[in-house]
Amino acid sequence: LDSLALAAYLSAGSWEEAEAHAHRSMALRRGAMQRSHAITTVRLAHAQLGRGDLEPAVATAVSVPAEVSAHPRVTGMLNAFGTKLSDLAD
């Protein structure tokens, strides 16, 4: 449920709530679910970026392991993160 709430709060632009649900989701996730963990991690980075926490957001995004970041869904999410980060830098 926390993962679903995370996605909903991200869509609504409720960054603090999204971040809280991301942390709870990650704490409850089983270790074998690497892709799901990566998706939650990228969503956490988006929430941090939305809050204006640039350095933590970048650190969170780059913490996604390379072997998981090759998955098309994760790659797309990381690319969207990079675009948002670039937009903020302009």
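Checking E19 against (1) within 13 Å of the chain's Cα centre (by Cα); (2) charged (D, E, K, R); (3) outside any helix (DSSP H, G or I), which test does it fail?
(3)
Tell me yes or no: at least one residue of the stretch 71-82 is on the phi > 0 side of the Ramachandran plot, touching a helix residue (DSSP H, G or I) at 6+ places or on another chain (Cβ under 8 Å) and either among the hydroxyl-bearing types (S, T, Y) or part of a loop (DSSP other than H, G, I, E, B) (or both). Let's see the steps before the verdict.
Quick first cut of the stretch 71-82, residues on the phi > 0 side of the Ramachandran plot only: none.
No, the stretch 71-82 has no match at all.
Just checking, does the stretch 63-70 include any residue being surrounded by 12 or more Cβ atoms within 10 Å (Cβ to Cβ), hydrophobic (A, V, I, L, M, F, W, C), in a helix (DSSP H, G or I) and under 13 Å from the mean Cα position of the chain (by Cα)? Reasoning before the result, please.
So in the stretch 63-70, the residues surrounded by 12 or more Cβ atoms within 10 Å (Cβ to Cβ) come out as 63-65, 68-69.
Filter once more, keeping what is hydrophobic (A, V, I, L, M, F, W, C): 64, 68.
Narrowing further to those that are in a helix (DSSP H, G or I): 68.
With the extra rule that they be under 13 Å from the mean Cα position of the chain (by Cα), the set shrinks to none.
No, because not a single residue in the stretch 63-70 is surrounded by 12 or more Cβ atoms within 10 Å (Cβ to Cβ), hydrophobic (A, V, I, L, M, F, W, C), in a helix (DSSP H, G or I) and under 13 Å from the mean Cα position of the chain (by Cα).
To keep it simple, each residue is scored yes or no on (1) in a helix (DSSP H, G or I); (2) buried (at least 16 other Cβ atoms within 10 Å of the Cβ); (3) more than 13 Å from the chain's Cα centre (by Cα).
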| residue | (1), (2), (3) |
| --- | --- |
| Y9 | yes, yes, no |
| S25 | yes, yes, no |
| A32 | no, no, yes |
| R35 | yes, no, no |
| I39 | yes, yes, no |
| A47 | yes, yes, no |
| G50 | yes, yes, no |
| V58 | yes, yes, no |
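Across the stretch 57-85, what is the total count of residues that are within 21 Å of S11 (Cβ to Cβ) and of a type outside the set (A, V, I, L, M)?
Summing the residues that are within 21 Å of S11 (Cβ to Cβ) and of a type outside the set (A, V, I, L, M) in the stretch 57-85 gives 10.
Tell me, please, whether a residue that is at pLDDT 95 or above, farther than 15 Å from A80 by Cβ and polar (S, T, N, Q) can be found in the stretch 27-39.
No, there is no match, as no residue in the stretch 27-39 is at pLDDT 95 or above, farther than 15 Å from A80 by Cβ and polar (S, T, N, Q).
The values are calculated or read from the model by the stated rules, or taken from the named source; none is laboratory data. Every value quoted in this text rests on a predicted model; they were computed, and no experiment measured them. Here the Cβ is made from the backbone with ideal geometry for all residues, glycine too, and neighbour counts use every protein chain on show.
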